[in-house]
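Chemist: Quick one: this structure, given as structure tokens, is what I'll be asking you about.
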Amino acid sequence: MRLFIATKNVHKVEEFRLLLADIPAELLPLPAELPEAPETATTFLAIAQEKALFYARQLGAMVLADDSGLVVPELNGEPGIYSARYGGKHGDDLANHAKLIARMHEKGLSSAEAYFACAVAFANADGVIGAVEGRVTGTVHDFARGTHGFGYDPLFTPHGEGRRFAEMSMEEKAAYSHRAKAVELIRPILISMAES
Ligand code: ITT
């Protein structure tokens, strides 16, 4: 089975390559010339489905898409579905950290309960075949630590760990991560499609 990993985020691609290593599928990156998928929906799950279907139709192929982010309930769910551009510019991790830390300080918080959510959708040109969501709960801090990973990894400690995601190897992060949990949930569908 040929399966396009429908994300322009290279860190997500690396994590999916690790998490899907045992699936009998050839994993392909999105061709660079494709337009950006529209994101009009308002939940991780619905946006992942929108992205998967858009790219599956563009490519006439099977596609796996991810929509993910960090949710801080004490900040009314921010950054949530706006995680990638929370600080103003898409993918600017330092600006995103600064905005989140400023919002926490406005509320008098130096740390807060938080979770990462990852919705993964699998589609072909006929429609969405499966969509799931994985979560990891933990603590978000008002200072960064660690150099691995991406996004909010330097600010987040999963429950049951002393280290931030950014202080872990990709394999160690995968023992906890929202993306690993989502892949576990979608795995049976991928395997049955790969074997059919
Ligand atoms: P694509 O839409 O092309 O997949 P993107 O990075 O724009 O790439 P999203 O819209 O799903 O993807 O935004 C996800 C953002 O949430 C991401 O840019 C990070 O800021 C954050 N995020 C998601 N998963 C994360 C993780 O595992 N570790 C740290 N931050 C994460």
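The values are calculated or read from the model by the stated rules, or taken from the named source; none is laboratory data. The shown structure was predicted, so the numbers you read here are calculated from the model rather than taken from an experiment. Here Cβ is always computed from backbone atoms with ideal geometry, including for glycine, and neighbour counts include all displayed protein chains. Just so you know, the surface numbers come from the protein's heavy atoms only, side chains and all, with ligands and any DNA or RNA stripped out. Shrake-Rupley method; radii C 1.70, N 1.55, O 1.52, S 1.80 Å.
Chemist: Check whether at least one residue in the range 75-92 is under 30 Å from MET193 (Cα atoms) and under 13 Å from the mean Cα position of the chain (by Cα), and report yes or no.
Modeler: Yes, there is a match, as at least one residue in the range 75-92 is under 30 Å from MET193 (Cα atoms) and under 13 Å from the mean Cα position of the chain (by Cα).
Chemist: Let me ask you something else. For the range 106-116, does any single residue satisfy the condition of being touching a residue at least 40 places away in the same chain (Cβ under 8 Å), in a strand (DSSP E or B), more than 22 Å from ALA175 (Cα to Cα) and open to solvent by 50 Å² or more (accessible area, probe 1.4 Å)?
Modeler: no
Chemist: Look at GLY134 and say whether it is within 12 Å of the ligand (Cβ to nearest atom) and part of a loop (DSSP other than H, G, I, E, B).
Modeler: no
Chemist: List every residue pair whose Cβ atoms lie under 9 Å apart, where the two residues are 6 or more positions apart in sequence or sit on different chains, the first residue falls within the range 26-46 and is among the aromatic types (Phe, Trp, Tyr), and the second residue, located anywhere, is within 13 Å of the ligand (Cβ to nearest atom) and not in a strand (DSSP E or B).
Modeler: Correct list of pairs: PHE44/GLY80; PHE44/ILE81.
Chemist: Just to be sure I understand, how many residues within the range 93-131 are over 16 Å from the mean Cα position of the chain (by Cα), within 20 Å of GLY151 (Cβ to Cβ) and small (Gly, Ala, Ser)?
Modeler: 5
Chemist: Taking only the range 152-196 into account, find how many residues are open to solvent by 40 Å² or more (accessible area, probe 1.4 Å) and either closer than 28 Å to ALA61 by Cα or within 12 Å of the ligand (Cβ to nearest atom) (or both).
Modeler: The total comes to 12.
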